[in-house]
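Engineer: Just dropping this structure here.
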Amino acid sequence: MSKKKLVILTGAGISAESGLKTFRDSDGLWEGYAIEDVATPAAWRKNPQLVLEFYNYRRKNVLDAEPNAAHFGLAELETDFDVTIITQNIDDLHERAGSTHILHLHGEIFKMRSEKDESLIYEIQGAIQMGDVAEDGAQLRPHIVWFGEAVPKIEEAVPIVQSADLFVVVGTSLVVYPAAGLVNYARRPIPKFIVDKKIPYTSEVYNLTTIEKPATEGVSELKELLKSYL
């Protein structure tokens, strides 16, 4: 018998418990930086050195972080379900926890690309410096979707959500679009679950179970609930 298709949308809340801060933690500041100074195309045009320093710092933070019980719990669901994780997170904690089907909506911290040709993408573990160029001669930038940029992976994500037999949201406030709109593509009758320490406004979502707990606790409870769908 084929496994049911379980699609999981994850956000910053799941990585926060591994010590990775989100820009919503403190008045819109992200590790002490204003978003508009480090995470927009205008910031890159104005001060690319600062943007690179910010992401080099974040890359080191991710290297130092470890997956938590929520990451491992979602990976374990692959035993019983056909799991796809769609994540808003740019870290690799899902991969390190053992999940095998992951779509990164907003890019990946361990990749860099040409600032001119988005298809020229390279792996990066250390720092990107000014003067580091892609094979087209253009400066390399983080392979991250900045605020104000299009989210090309959303087109890949929509049919995945539409095909789900079960849909789960973990650790996201459902306010960053277009990712937040994915919940609307889940077929109306299917079971849906939201795990977050503060459940967002979701009155229009049909057949919804809410688990108002941090990701590590909530995923454990989620796994118990999902057993009834095997």
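Engineer: When the residues of segment 58-97 are narrowed to those that are in contact with a Phe, Trp or Tyr (Cβ under 9 Å, 6 or more places away or on another chain) and not acidic (Asp, Glu), which ends up most open to solvent (accessible area, probe 1.4 Å)?
Structural biologist: The residue in question is LEU63.
Engineer: So, of the residues in segment 37-47 that are open to solvent by 30 Å² or more (accessible area, probe 1.4 Å) and not basic (Lys, Arg), which turns out to be nearest to HIS101 (Cα to Cα)?
Structural biologist: Let us first name the residues in segment 37-47 that are open to solvent by 30 Å² or more (accessible area, probe 1.4 Å), namely 37, 41-42, 45-47.
Filter once more, so that each one left must be not basic (Lys, Arg): 37, 41-42, 47.
On the way: ASP37: 33, PRO41: 29, ALA42: 33, ASN47: 35 Å.
By that ranking, first place goes to PRO41.
Engineer: So, in segment 158-180, exactly how many residues are outside any loop (DSSP other than H, G, I, E, B), at pLDDT below 95 and either among the polar types (S, T, N, Q) or in contact with a Lys or Arg (Cβ under 7 Å, 6 or more places away or on another chain) (or both)?
Structural biologist: Qualifying residue count for the region: 0.
Engineer: Can you tell me how many residues within segment 142-169 are under 30 Å from TYR122 (Cβ atoms) and in contact with a Leu (Cβ under 8 Å, 6 or more places away or on another chain)? Outline the logic, then answer.
Structural biologist: First pass over segment 142-169, keeping only residues under 30 Å from TYR122 (Cβ atoms): 142-161.
Filter once more, keeping what is in contact with a Leu (Cβ under 8 Å, 6 or more places away or on another chain): 142, 145, 151, 153-154, 156-158, 160-161.
Going through segment 142-169 one residue at a time, the tally reaches 10.
Engineer: In addition: Are any residues in segment 131-143 in contact with a helix residue (DSSP H, G or I) (Cβ under 8 Å, 6 or more places away or on another chain) and crowded, with 20+ Cβ neighbours inside 10 Å, and if so, which ones?
Structural biologist: Matches in segment 131-143: ARG141, PRO142.
Engineer: Can you tell me which residues in segment 165-182 are open to solvent by 20 Å² or more (accessible area, probe 1.4 Å), over 12 Å from GLY13 (Cα atoms) and of a type outside the set (D, E, K, R)?
Structural biologist: As a first pass, look at segment 165-182 and keep what is open to solvent by 20 Å² or more (accessible area, probe 1.4 Å): 165, 173-178.
Imposing the further condition that a residue be over 12 Å from GLY13 (Cα atoms) reduces the set to 165, 175-178.
Passing the criteria: VAL175, VAL176, TYR177, PRO178.
Engineer: For segment 28-46, which residues satisfy the criterion of being in a helix (DSSP H, G or I) and at pLDDT 90 or above? Show your work before the answer.
Structural biologist: As a first pass, look at segment 28-46 and keep what is in a helix (DSSP H, G or I): 35-38, 41-46.
Once the filter is applied, which keeps residues that are in a helix (DSSP H, G or I) and at pLDDT 90 or above, segment 28-46 yields ASP37, VAL38, PRO41, ALA42, ALA43, TRP44, ARG45, LYS46.
The values are calculated or read from the model by the stated rules, or taken from the named source; none is laboratory data. Computed from a predicted model, the values in this text were never measured in an experiment. Neighbour counts are summed over all protein chains in view; Cβ atoms, including those assigned to glycine, are modelled from backbone coordinates with ideal geometry. The accessibility values were calculated without ligands, DNA or RNA, using every heavy atom of the protein model including side chains. Shrake-Rupley method; radii C 1.70, N 1.55, O 1.52, S 1.80 Å.
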